[in-house]
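Each remark here refers to the structure printed beneath this line.
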Amino acid sequence: MKNVLSRILILLSSIVFFSLSSPVNADSGTASPSGAESTVQEEASSGSAKGAGSDDEIESEASREINYIRESLQLPKRKNVLVAYFSRVGENPGVGVITKGNTRIVAEEIAKQTRGTLFEIRTVKDYPESYEACLALAKKEQAKQLRPELAENIDITPFDEIYLGSPVWNEDMPMAVYTFLEGHDFNGKVIRPFNTHEGSGDAGFVDKIRGAAKNAVVKPIFSVRGGMAQYESFKLPFAVKTWRTAESIRQSEALISNFK
């Protein structure tokens, strides 16, 4: 641990040194140096270039030090994040007629915090805007275990961590979400599910996702009432951040408690 702290201090000292030794650009109105003063400045610049190395080399060295520190402390590397979600507009129970889906609102907040790639799970044929008509179609699809065709898909290979969002439809996920899950290889991927509802809570989504996405690591779900997403969205940033960082906080506490 002392060796790690020493390297951190060396890294910080190097950054400070190069920051202080960097030349300051003169304003366009300032006269350029001439004579002996100019010669001294040119020689200093030449010597600095030879001794300090290029900016790329300095940055590369700093990156190596940071990676060493991260590995020594067993900190997770930055992940490539995908935020995939299914959402629907139209008539919704508890919130009336909406023009932006409840789950989409939550997905956008997650993408903002994680800087993740947003992907909307859409079907070729849209669901009815009428709530009763949509519910009837959803029940029919669930009864027959249909897998609606998606309007487009995405290659999940580059992503390590996938936030998966869905509304609760008749105590289950829309069948289109199963189409998405069963159409990809989630081996080694981390899935962080979230849903929107009007009283159903998590609706057993974690087990359902584990069954459809074989070999994925499925984390605890984040459940939000649709009414809160629509009309109290100012609460979302803190709620999402608390959910996302809960596991990291536990990891940090374990690190501190084990420090000798």
* **Boolean, GLU109 is surrounded by fewer than 21 Cβ atoms within 10 Å (Cβ to Cβ), in contact with a Pro (Cβ under 8 Å, 6 or more places away or on another chain) and part of a helix (DSSP H, G or I)** => yes
* Asked: Taking region 152-179 on its own, how many of its residues are assigned to a loop (DSSP other than H, G, I, E, B), over 28 Å from VAL95 (Cα atoms) and in contact (Cβ under 8 Å) with a residue 24 or more places away in the chain?
  -> 7
* To do: Kindly check whether there is at least one residue in region 60-72 that is modelled with pLDDT under 95, surrounded by 13 or more Cβ atoms within 10 Å (Cβ to Cβ) and within 30 Å of HIS197 (Cα to Cα).
  => no
* Asked: So which of GLU91, GLU149 is touching a residue at least 12 places away in the same chain (Cβ under 8 Å), over 21 Å from VAL206 (Cα atoms) and touching a helix residue (DSSP H, G or I) at 6+ places or on another chain (Cβ under 6 Å)?
  -> GLU91
* Residue within region 123-144 that is touching a residue at least 60 places away in the same chain (Cβ under 8 Å), under 23 Å from VAL97 (Cβ atoms) and either out of contact with any helix residue (DSSP H, G or I) (no Cβ under 9 Å at 6 or more places or on another chain) or not aromatic (Phe, Trp, Tyr) (or both) present -> no
* Yes or no: VAL224 outside any strand (DSSP E or B) and hydrophobic (A, V, I, L, M, F, W, C)? -> no
* Tally of residues being within 22 Å of ALA111 (Cα to Cα) and assigned to a helix (DSSP H, G or I) across region 180-219 -> 5
* Is there a residue in region 116-129 that is closer than 21 Å to ASP207 by Cα and surrounded by fewer than 19 Cβ atoms within 10 Å (Cβ to Cβ)? -> no
* Is there any pair with a first residue in region 199-225 that is of a type in the set (S, T, N, Q) and a second that is part of a strand (DSSP E or B) and surrounded by fewer than 20 Cβ atoms within 10 Å (Cβ to Cβ) whose Cβ atoms are under 9 Å apart and which are 6 or more apart or on different chains, and what are they? -> SER200/SER223
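The values are calculated or read from the model by the stated rules, or taken from the named source; none is laboratory data. Remember, it's a predicted structure, so these values are computed and weren't measured experimentally. Glycine also receives a Cβ, built like all others from the backbone with ideal geometry; neighbour counts cover every protein chain displayed.
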